[in-house]
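Peer 1: Encoded as structure tokens, here's the structure I'll be asking about.
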There are 2 protein chains.
Amino acid sequence: MAGDGQVAAQTALGRGKRPQRLTEVAYQEVKRRILDNEYPPGSQILEQDIAAELDLSRTPVREALVRLEQDGLLSIVPRHGARISALSAADMREIYEILIALEPTAVELIARQRLAAEQLQPLVQSCDAMERSLEGSKPDLKAWAAADESFHTGVAQLCPNRRLSAMIMTVSDQSHRARLFTLTLRPLPLRSTQEHRAVVDAMLAGDADRARELYVAHRRRGRDELMALIERHGFQRL
Amino acid sequence: MAGDGQVAAQTALGRGKRPQRLTEVAYQEVKRRILDNEYPPGSQILEQDIAAELDLSRTPVREALVRLEQDGLLSIVPRHGARISALSAADMREIYEILIALEPTAVELIARQRLAAEQLQPLVQSCDAMERSLEGSKPDLKAWAAADESFHTGVAQLCPNRRLSAMIMTVSDQSHRARLFTLTLRPLPLRSTQEHRAVVDAMLAGDADRARELYVAHRRRGRDELMALIERHGFQRL
DNA sequence: GAATGCAACAACGTATGCATTATTGCATTC
DNA sequence: GAATGCAATAATGCATACGTTGTTGCATTC
């Protein structure tokens with residue numbers, strides 16, 4: 001083995017996970033590359049290449065690929081390497097259906113806990129950030145997307161059901177790229193911002209049922225908007 | 001390496017999967033052992049032992065363990081081997097919450113398809129089997145459990161959202177052992193049987209909303225019954 | 001000129017070897 | 001007698017070697 005693999009290890013460190021095991025380093029790094037679109041959908045990646053780039057052997061890379069396959073981010077074709085998942089419109093619909101089932105449950109569970117306002121701060125701050133990003137003459141879509149993502153991550157993290165949190169994060173990751181692609185195509189997400197705020201208000205008021213309903217409606221609308229965009233622009237794979 | 005590994009390969013074959021890769025053999029077999037309680041909850045399993053028993057090397061066993069960890073059936077503790085997951089009452093509650101979110105969505109999707117009656121036959125037959133198992137003087141709980149499981153498997157299989165199907169199956173497997181344990185402790189599942197039938201009737205009638213509601217109610221009642229049993233009997237880990 | 005077959009190559013699936021690390025047991029000391 | 005430290009053992013995490021399989025390209029034949 002030549003070199004030291006520092007670059008890869010540091011990159012993984014940067015994402016806040018403990019990179020004790022090289023398997024973990026490979027997992028975090030390959031996952032990042034997929035989500036950041038460095039490995040475009042439909043492309044094939046060879047475990048040998050990844051191993052060489054990250055300066056480690058094929059073994060931890062293989063393990064990482066197995067995990068990523070179960071995350072739905074790629075599929076391992078037995079003698080043909082790993083193919084990065086390319087999502088069709090139908091795939092996006094499937095993913096949204098699942099999120100519509102899972103996330104409102106998480107929101108309901110959080111609301112039922114009747115947390116103190118300060119504990120809901122992460123969500124409030126995300127809403128604030130969304131609103132700020134759209135103020136002024138030049139809306140900052142990138143900032144809005146970051147705030148939106150932090151909101152949904154916050155929901156998963158506050159959710160007391162850890163299994164549910166993990167599933168939500170996994171499914172969200174699958175739709176990550178599609179959200180990025182459509183971000184600039186959709187109308188200004190003013191309504192979406194309002195809807196997030198309304199959900200938080202219901203949570204603050206401890207109205208779990210209302211929070212759930214609002215969130216279901218929010219996700220349904222988001223899905224319809226996204227599906228319309230995908231069909232209008234004729235995206236086949238993203 | 002001695003022997004030929006025929007036993008393990010045949011066992012995996014028997015469960016209807018293609019055992020092309022040894023990784024797949026190891027995965028199916030270890031999973032079976034966990035679900036059949038041959039590896040009791042909380043126990044530790046050593047990859048070397050499994051490799052020796054299945055007559056293959058540690059490599060495919062490792063991959064299988066990684067997959068099983070993501071399935072939630074065990075957890076790999078870095079230098080301590082794999083520990084079979086032991087579910088607490090809180091874990092069972094988490095799992096039921098997720099199933100209550102996912103399965104009713106599947107039922108709704110199936111009902112919306114307005115399938116011909118013959119395509120819903122698997123579910124009808126499961127209901128028939130449940131009813132038959134409770135007729136007569138000596139109810140056959142084992143047969144009932146098998147029919148119940150086939151019903152829920154049928155729901156997952158008929159569901160047009162493949163991702164959703166897979167998630168339901170994975171989560172169901174996690175609660176498999178707990179269901180077995182409590183089977184003989186719960187009252188005769190007459191009501192549960194009726195509820196299944198009602199769901200199928202709603203699906204046959206194409207009433208998706210009603211099917212969903214009935215199913216949510218069914219699962220909620222099942223959860224409450226199970227949780228009460230667990231608490232009454234003071235199960236700590238299952 | 002096109003198609004088929006063979007050969008070389010490349011990638012994967014699996015096995016095994018090596019070094020690190022954690023645990024356990026025994027001995028020694030307080 | 002108990003506690004601590006060291007050593008031996010065992011199991012993991014990772015690297016690498018090997019055999020199998022699928023692919024690609026060239027040559028030969030129809």
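The values are calculated or read from the model by the stated rules, or taken from the named source; none is laboratory data. From a predicted model like this one, the values you see are computed outputs, not experimental measurements. Counting neighbours? That spans all protein chains shown, and the Cβs are built from the backbone with ideal geometry, glycine included. Side chains included, ligands, DNA and RNA excluded: accessible areas come from the protein's heavy atoms. Shrake-Rupley method; radii C 1.70, N 1.55, O 1.52, S 1.80 Å.
Peer 1: For the stretch A:69-86, give me each residue that is within 11 Å of another protein chain (Cβ to nearest Cβ) and either hydrophobic (A, V, I, L, M, F, W, C) or open to solvent by 50 Å² or more (accessible area, probe 1.4 Å) (or both).
Peer 2: Result: A:Glu69, A:Gln70, A:Ile76, A:Pro78, A:Arg79.
Peer 1: Within 19 Å of the chain's Cα centre (by Cα) and either more than 30 Å from B:Gln70 (Cβ to Cβ) or in contact (Cβ under 8 Å) with a residue 24 or more places away in the chain (or both): does that describe A:Gln174?
Peer 2: Answer is yes for this residue.
Peer 1: Could I ask something else about it? Considering the stretch B:32-68 alone, what residues qualify as being within 13 Å of DNA strand C (Cβ to nearest atom), in contact (Cβ under 8 Å) with a residue 12 or more places away in the chain and more than 15 Å from B:Ala82 (Cα to Cα)?
Peer 2: B:Glu53, B:Leu54, B:Asp55, B:Leu56, B:Ser57
Peer 1: Additional query: Just one of the numbered conditions (1) open to solvent by less than 20 Å² (accessible area, probe 1.4 Å); (2) of a type in the set (Gly, Ala, Ser); (3) in contact (Cβ under 8 Å) with a residue 24 or more places away in the chain; (4) within 12 Å of chain B (Cβ to nearest Cβ) is not true of A:Ala101; which one?
Peer 2: Going through (1) open to solvent by less than 20 Å² (accessible area, probe 1.4 Å); (2) of a type in the set (Gly, Ala, Ser); (3) in contact (Cβ under 8 Å) with a residue 24 or more places away in the chain; (4) within 12 Å of chain B (Cβ to nearest Cβ) one by one, A:Ala101 breaks only (3).
Peer 1: Still on this model: What are the pairs, 6+ residues apart or on separate chains, where a residue within the stretch B:194-217 that is touching a residue at least 60 places away in the same chain (Cβ under 8 Å) has its Cβ under 6 Å from a residue that is of a type in the set (Asp, Glu) and open to solvent by less than 30 Å² (accessible area, probe 1.4 Å)?
Peer 2: Pairs that qualify, where the first residue is touching a residue at least 60 places away in the same chain (Cβ under 8 Å) and the partner is of a type in the set (Asp, Glu) and open to solvent by less than 30 Å² (accessible area, probe 1.4 Å), are B:Ala208/B:Glu108; B:Arg212/B:Glu108.
Peer 1: Taking the criterion of being aromatic (Phe, Trp, Tyr) and farther than 27 Å from A:Tyr27 by Cβ, would at least one residue in the stretch B:85-96 satisfy it?
Peer 2: Within the stretch B:85-96 (the criterion being aromatic (Phe, Trp, Tyr) and farther than 27 Å from A:Tyr27 by Cβ), the answer is yes, since at least one residue qualifies.
Peer 1: Being at pLDDT 95 or above, in contact with a Cys (Cβ under 6 Å, 6 or more places away or on another chain) and open to solvent by less than 10 Å² (accessible area, probe 1.4 Å) narrows it down to one of A:Ala106, A:Ala111, so name that one.
Peer 2: Result of the check over A:Ala106, A:Ala111: A:Ala106.
Peer 1: Here is a further query. Scan the stretch B:174-184 for residues that are within 13 Å of chain A (Cβ to nearest Cβ) and either of a type in the set (D, E, K, R) or open to solvent by 20 Å² or more (accessible area, probe 1.4 Å) (or both) and jot them down.
Peer 2: The one that is within 13 Å of chain A (Cβ to nearest Cβ) and either of a type in the set (D, E, K, R) or open to solvent by 20 Å² or more (accessible area, probe 1.4 Å) (or both): B:Gln174.
Peer 1: Considering only the stretch A:21-59, state which residues are within 14 Å of chain B (Cβ to nearest Cβ), among the charged types (D, E, K, R) and open to solvent by 60 Å² or more (accessible area, probe 1.4 Å).
Peer 2: A:Arg21, A:Arg58
Each row is one residue, and each column tells you yes or no for (1) within 16 Å of DNA strand C (Cβ to nearest atom); (2) over 23 Å from B:Gly42 (Cβ atoms); (3) of a type in the set (Val, Ile, Thr); (4) within 21 Å of the chain's Cα centre (by Cα).
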site	(1), (2), (3), (4)
B:Gln70	no, no, no, yes
B:Leu73	no, no, no, yes
B:His80	yes, no, no, no
B:Ala90	no, no, no, yes
B:Ile95	no, no, yes, yes
B:Thr105	no, yes, yes, yes
B:Ala111	no, yes, no, no
B:Leu115	no, yes, no, no
B:Glu118	no, yes, no, no
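Peer 1: Is it the case, given these coordinates, that A:Ser137 is surrounded by fewer than 20 Cβ atoms within 10 Å (Cβ to Cβ) and in contact with a Ser or Thr (Cβ under 6 Å, 6 or more places away or on another chain)?
Peer 2: no
Peer 1: Which of the residues that make up the stretch A:152-171 are under 11 Å from the mean Cα position of the chain (by Cα), more than 14 Å from chain B (Cβ to nearest Cβ) and not β-branched (Val, Ile, Thr)?
Peer 2: Within the stretch A:152-171, just A:His152 meets the criteria.
Peer 1: Within the stretch B:102-128, track down each residue that is aliphatic (A, V, I, L, M) and touching a Pro at 6+ places or on another chain (Cβ under 8 Å).
Peer 2: If the condition is that a residue be aliphatic (A, V, I, L, M) and touching a Pro at 6+ places or on another chain (Cβ under 8 Å), then B:Leu109, B:Ile110 are the ones that fit.
Peer 1: Residue under question is B:Thr193, and the condition is that it be over 19 Å from B:Ala101 (Cβ atoms) and open to solvent by 20 Å² or more (accessible area, probe 1.4 Å); does it hold?
Peer 2: Answer is no for this residue.
Peer 1: Within the set of pairs 6 or more residues apart or between chains, which connect a residue that is within 10 Å of B:Met203 (Cβ to Cβ) inside the stretch B:105-129 to a residue that is of a type in the set (Lys, Arg) and open to solvent by less than 70 Å² (accessible area, probe 1.4 Å) with Cβ atoms less than 9 Å apart?
Peer 2: From the stretch B:105-129, the pairs are B:Val107/B:Arg212; B:Glu108/B:Arg212; B:Ala111/B:Arg212; B:Val124/B:Arg197.
Peer 1: Among the residues of the stretch A:214-227, write down those that are of a type in the set (Gly, Ala, Ser) and open to solvent by 40 Å² or more (accessible area, probe 1.4 Å).
Peer 2: The answer is A:Ala217, and nothing else.
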